[in-house]
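Below is one structure, written out as structure tokens; the observations come after it.
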Amino acid sequence: MKYLFSIALLMLSVGLISNQTAEEKVNYFSNNAFGNPVTGKAGEYYNGVTYVAYQGEKEDPYVVAYDHKKDKWRGPYKAGTSLLGKTPGRKIDNHGKPTLVVDGEGYIHIVFGGHGGTRDLGENKLGNYHDGKQIHVKSKRPMDISEWEEVENITPFGTYSQFMKLDNGDIYLFFRHGAHRSNWVYQVSKDNCRTFSPKVSFLKTKPSNEVNDWDSWYVNLQKGEGNDILLSYNYHFCKSVKKGHDGERHHCYYMKFDTDTKQFFNVKGEALTLPITKEYADQKTLAINTGDQWNHIGRSDLNDEGYPHISWYEGAHGGKRHGGPKQLMHYQWTGDEWVGGETNVPNKARGELVAKSKNEVSYLLEDNENKLGNVAWWESHDGGAEFKKSKVLLEEKGGKLLMSHFIRNAHPDAKVIVTQNIKGTAYSKVYLLGENGPIKRKQSEADVLQLN
Ligand code: ZN
């Protein structure tokens, strides 16, 4: 009996020792993301490493790198200082979330901090002002996220900054040139972000027919064939404050940007004249008129015939500024017309679109129904008429899950960035998620903040 007891003690102590040496790993890689922390184009896989940017404490940009071969994490490192998020007690702005790109020499670039900029930063000739300052920072060394320097080569007047990188090495920066009443512009860099071309306005803001109401736009960007960029967008009826300005947005428009010729085309292949106004868009690029229904723009993709698929989230407005549009709508171009409609995926589910063919359509969706957040593939074999949930990549109890766009050039193990709010705080855990679930990290490294 005494002998057995000794063995039990020995086993217990071996268990304790092994627990101490093999440190517990968690599904997330950091816990200091802040507010609504991740924008669409916030990650890239480059030479064996996935780089990820997100909004952290005081709305400053943070960067993390994961080396897939060595299974080694680096960061988070703070990459710059935003003008947003520095006034205690003020509502989190959330518009300065960082966009990330790796240039052809391996330097990492982040643009962040813009919510239109302010009048003291100069005259905004392409729009109006609100807050913050669009800032460009670059890593001091290739593939090293530990030190950063500011590069003063872009305008301070930007919102929704998004990097697009093409196979020919060209790096495009898209943004709204200010607050709501601003043109959407692009610039291209052909020298690894040392210089950018002059800004080109492609969507125009202007007074609409009514007094002190304006035409405004929200844009989704996607890589197309070759060096094409696909743009789907919706219309924001930017009412006066007097009239009760809110988040009213309608319709889905679609066009293609052939960056080789610098020419924009509508879905029928007709060349378009820039900048596009509301009236011109209604005539040339309108895909679907949503009528009274409000919407948030979703993602697009090309199928194997080169025809576009488009998506958005639609619903009654409910009177709230950002409330209402919730149900995923899916349409595709047949060569003659747009066909599709409301999908059967859960209400409020949002995510990424993959159109393999006119029949085989998939979405990777975040879904927060039933208090168990999950990210899963939803597959349709009939062009989007019916979707069925298939592989679940992440399932987490707790706060709401939010997902980025697909990581650029993504490794199969690291396709999207997902955040989850830590209840009772403004912070979120951040996950790097791929076909094998989240990439794990030692808890002592992942718990950047002590939030208990
Ligand atoms: Zn507005």
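General observations
- Residue match in the range 17-35 (condition: modelled with pLDDT of 90 or more and open to solvent by 60 Å² or more (accessible area, probe 1.4 Å)): yes
- Lone unmet requirement of (1) touching a residue at least 40 places away in the same chain (Cβ under 8 Å); (2) more than 21 Å from E342 (Cβ to Cβ); (3) assigned to a strand (DSSP E or B) for S216: (1)
- Selection from the range 266-287 of residues that are hydroxyl-bearing (S, T, Y) and in a loop (DSSP other than H, G, I, E, B): T273, T277, T285
- Evaluated against (1) under 24 Å from H405 (Cβ atoms); (2) open to solvent by less than 70 Å² (accessible area, probe 1.4 Å); (3) touching an Asp or Glu at 6+ places or on another chain (Cβ under 8 Å), W338 falls short on exactly one condition, (3).
- Within the range 177-204, the set of residues being in a loop (DSSP other than H, G, I, E, B) and within 16 Å of the ligand (Cβ to nearest atom) comprises H177, G178, A179, H180, R181, S182, N183, K204.
- Pairing residues of the range 423-452 that are touching a residue at least 60 places away in the same chain (Cβ under 8 Å) with residues that are in a loop (DSSP other than H, G, I, E, B) and of a type in the set (G, A, S), at Cβ distances under 7 Å and at least 6 apart in sequence or on separate chains, gives A426/G35; L432/A414; I439/A414.
- Taken over the range 235-265, the residue count meeting the criterion of being part of a loop (DSSP other than H, G, I, E, B), away from the ligand (no atom under 11 Å from the Cβ) and open to solvent by less than 30 Å² (accessible area, probe 1.4 Å) is 1.
- Condition met for L272 (surrounded by fewer than 19 Cβ atoms within 10 Å (Cβ to Cβ) and modelled with pLDDT of 95 or more): yes
The values are calculated or read from the model by the stated rules, or taken from the named source; none is laboratory data. Keep in mind that what you see is a predicted model, and the values were worked out from it rather than measured. Positions of Cβ are backbone-derived with ideal geometry, glycine not excepted, and every protein chain shown enters the neighbour counts. To get the accessible areas, we keep the full protein, side chains included, count just its heavy atoms, and leave off ligands, DNA and RNA. Shrake-Rupley method; radii C 1.70, N 1.55, O 1.52, S 1.80 Å.
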